[in-house]
Amino acid sequence: MNKNIETGDLGEEIACGFISEKGYQVLERNWRFKHWEVDIIASRKNKLHFIEVKTRNSLRFGKPEESITREKMTHLKNAAEQYQYQHPEWKYIQFDVIAITLVNGIAKEIFLIEDVYF
């Protein structure tokens, strides 16, 4: 398997555990519609969270959250609109980012950046 895919999968696994401990319920992982994908869709306190997870093995190319582009966030928004259309019971939504830095496969830093505006 591709090293980047392995890193991303590990990051998403860590992120799911992290938010579960904070009271979120993970509803979907790697939810796709057409060519858009949402890493994690979770709920907490009657709000639906669309979460982009970025994981890095080093800071050589910058912090994980710095790699999120406007295009990626637009795709996330488009996917969220479709998900909400399919699940109209969710009235309140929020976009979040989880940034994870790994050292030897262990999470050294985990940041939850809530209510990302783009």
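The values are calculated or read from the model by the stated rules, or taken from the named source; none is laboratory data. The shown structure was predicted, so the numbers you read here are calculated from the model rather than taken from an experiment. When we count neighbours, we look across all protein chains shown, and the Cβ atoms used for this are built from the backbone with ideal geometry, even at glycine.
Restricting to segment 36-59, and then to whatever is among the aliphatic types (A, V, I, L, M) and out of contact with any Cys (no Cβ under 7 Å at 6 or more places or on another chain), can you tell me which residue is farthest from V116 (Cα to Cα)?
Looking at residues that are among the aliphatic types (A, V, I, L, M) and out of contact with any Cys (no Cβ under 7 Å at 6 or more places or on another chain), I get L59.
If you go through segment 62-75 one residue at a time, do you hit one that is at positive phi, at pLDDT below 95 and of a type outside the set (A, V, I, L, M, F, W, C)?
Yes - at least one qualifying residue is present in segment 62-75.
Which pairs have Cβ atoms under 6 Å, sit 6 or more apart or on different chains, and link a residue in segment 69-85 that is more than 12 Å from L48 (Cβ to Cβ) to one that is surrounded by fewer than 14 Cβ atoms within 10 Å (Cβ to Cβ)?
As it stands, the answer is M73/F118, since those pairs meet every condition given.
For E71, all conditions in the list (1) touching a strand residue (DSSP E or B) at 6+ places or on another chain (Cβ under 9 Å); (2) under 19 Å from Y117 (Cα atoms) hold save one; what is the number of the exception?
Checking E71 against (1) touching a strand residue (DSSP E or B) at 6+ places or on another chain (Cβ under 9 Å); (2) under 19 Å from Y117 (Cα atoms), the one that fails is (1).
Scan segment 37-50 and tell me whether some residue there is under 11 Å from the mean Cα position of the chain (by Cα) and under 14 Å from A107 (Cβ atoms).
no
Residues checked against (1) closer than 21 Å to I19 by Cα; (2) modelled with pLDDT of 90 or more; (3) not small (G, A, S):
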residue	(1), (2), (3)
N57	yes, no, yes
R60	no, no, yes
Q82	no, yes, yes
W90	yes, yes, yes
A99	yes, yes, no
N104	no, no, yes
E109	yes, yes, yes
E114	yes, yes, yes
Y117	yes, no, yes
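May I ask you to list the residues in segment 1-36 that are touching a helix residue (DSSP H, G or I) at 6+ places or on another chain (Cβ under 7 Å) and at pLDDT 95 or above?
Passing the criteria: V26, R29, W31.
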